[in-house]
Amino acid sequence: MTSTGENQPARHQEVGHKSLLQSDALYQYILETSVYPREPESMKELREVTAKHPWNLMTTSADEGQFLNMLLKLINAKNTMEIGVYTGYSLLATALALPDDGKILAMDINRENYELGLPIIEKAGVAHKIDFKEGPALPVLDQMIEDGKYHGTFDFIFVDADKDNYLNYHKRLIDLVKIGGLIGYDNTLWNGSVVAPPDAPLRKYVRYYRDFVLELNKALAVDPRIEICQLPVGDGITLCRRIS
């Protein structure tokens, strides 16, 4: 392992790199041994297209994509939702895991990014599972709750969007996910900044959203309607299983 100083591992050079592991060499080992050899060709292609995009740090990491794909199969998910799509890497991981008649309601404020990955999703033969809506998710969720027929209908919901709205999403999603179903909140360890000292040199956007992530983590930890499991995969993902 190369180092930039005594006992100081070099930062991983891979575009869109997100790992909380102390050693970048260890993360590379996981990717090269277990993730990349099993990554579907379509996901590899989408990952490589996304790497060229200026906002590539927004993408789901390859190991997290693999984790979501396995998780969805384990819970036999069929009806799912994704808030925050970007170019669609996690969306493709989901679509590949669902049965042919599975459905994903996918929402993002930027259709252009989604359309970057759409040809690859279409080529993979899973685009028919996706209902993409452009625009803010909260009004759509409010409408679904008002309609009444969507309560408890989702097997799995993945949120990787505006961190300052995570708690607003949670208030609504808890009604839409079924009892025994899962909500996954992404970036709940937020670049490791959740334990950074107040004077730590953080990027402006990391510092801005950190308090919202901390608030979410505290709220989920005491919410009696869910069981939770926070995992250091990618940038941290918290799984919430609705129990009431």
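Some observations on this one:
- Restricting attention to the stretch 203-225, the residues that are at pLDDT below 95 and among the polar types (S, T, N, Q) add up to 0.
- Residues (assigned to a strand (DSSP E or B), open to solvent by less than 10 Å² (accessible area, probe 1.4 Å) and not β-branched (Val, Ile, Thr)) located in the stretch 74-98: MET81, GLU82
- Of all residues in the stretch 21-54, those satisfying the criterion of being open to solvent by less than 50 Å² (accessible area, probe 1.4 Å), touching a helix residue (DSSP H, G or I) at 6+ places or on another chain (Cβ under 9 Å) and without any contact (Cβ under 8 Å) to a residue 60 or more places away in the chain are SER23, TYR27, LEU31, VAL35, GLU39, MET43.
- Residue list for the stretch 203-220, filter: in a helix (DSSP H, G or I) and open to solvent by 70 Å² or more (accessible area, probe 1.4 Å): LYS204, TYR205, ARG207, TYR208, ASP211, GLU215, LYS218
- Among the residues of the stretch 33-62, just one is under 13 Å from ASN113 (Cβ atoms) and either of a type in the set (Lys, Arg) or touching a Cys at 6+ places or on another chain (Cβ under 9 Å) (or both), namely LYS52.
- Cβ-Cβ under 7 Å pairs, at least 6 apart or on other chains, the stretch 210-225 side under 18 Å from LEU176 (Cβ atoms), far side among the polar types (S, T, N, Q) and outside any helix (DSSP H, G or I): LEU216/THR188; LEU220/THR238; ARG225/SER244
The values are calculated or read from the model by the stated rules, or taken from the named source; none is laboratory data. Since this is a predicted model, take the numbers as computed values, not measurements. Neighbour counts run over all protein chains shown; Cβ positions are idealised from the backbone, glycine included. Just the protein is used for accessible areas: all its heavy atoms, side chains included, with ligands, DNA and RNA removed. Shrake-Rupley method; radii C 1.70, N 1.55, O 1.52, S 1.80 Å.
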